[in-house]
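Rule-based calculations on the coordinates, nothing more; no lab input. Just so it is clear, the model here is predicted, and its values are computed rather than measured. Glycine also receives a Cβ, built like all others from the backbone with ideal geometry; neighbour counts cover every protein chain displayed.
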Amino acid sequence: MTYALSSIIYTIQITGNVVKTLEAEVYFDGEKLNSTTLNVYDLGNIKAGSDISKRLDIYNAGNTAFNVTVTWSGLPSGWTVSYNMQGRLVSPGQWLNGTITIHVYSGQPEGSFPAFNIYVNLNPA
């Protein structure tokens, strides 16, 4: 008696979803920020009426583009904040190198001032 050997083939059908990932690296004045904890930065000694400019560099490490918006809260009276790359689109693998400028009110009294927050918002495009 003779037996014939044959192949057995298993077929696996693959399904799933490709998702967009919003990932970024954000650096303020050269220091990498953490998105899950409060990042504290000390401006040190500053003069009333002066402008302080700090780098804000953002790298898109994900696979979807995002827009960058910088907002703030708790700013001392008379102070202003501006970001020169407000609303810019950052594509995957791209850097956005910008500057945050903080204007200190000329009538700011000597001594410490209340802490305020700056928010870097990354919104999918």
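Of Asn67, Asn17, all but one fail to be within 11 Å of the chain's Cα centre (by Cα) and either more than 30 Å from Ser112 (Cβ to Cβ) or not in a strand (DSSP E or B) (or both); the exception is Asn67. If you go through the range 70-88 and keep only what is surrounded by 13 or more Cβ atoms within 10 Å (Cβ to Cβ) and assigned to a strand (DSSP E or B), you end up with Val70, Trp72, Val81, Ser82, Tyr83. Within the range 18-34, the residues that satisfy the criterion of being at negative phi and free of Cβ contacts under 8 Å to residues at least 60 places away in the same chain are Val18, Val19, Thr21, Glu23, Glu25, Tyr27, Glu31, Lys32, Asn34. The numbered conditions (1) surrounded by 13 or more Cβ atoms within 10 Å (Cβ to Cβ); (2) under 16 Å from the mean Cα position of the chain (by Cα); (3) of a type in the set (A, V, I, L, M) are all true for Val104 except (2). Beta carbons closer than 6 Å, at least 6 apart along the sequence or on distinct chains, pair a first residue in the range 51-68 that is closer than 9 Å to Glu23 by Cβ with a second that is small (Gly, Ala, Ser) and surrounded by 14 or more Cβ atoms within 10 Å (Cβ to Cβ) for Asn60/Ala24; Ala61/Ala24.
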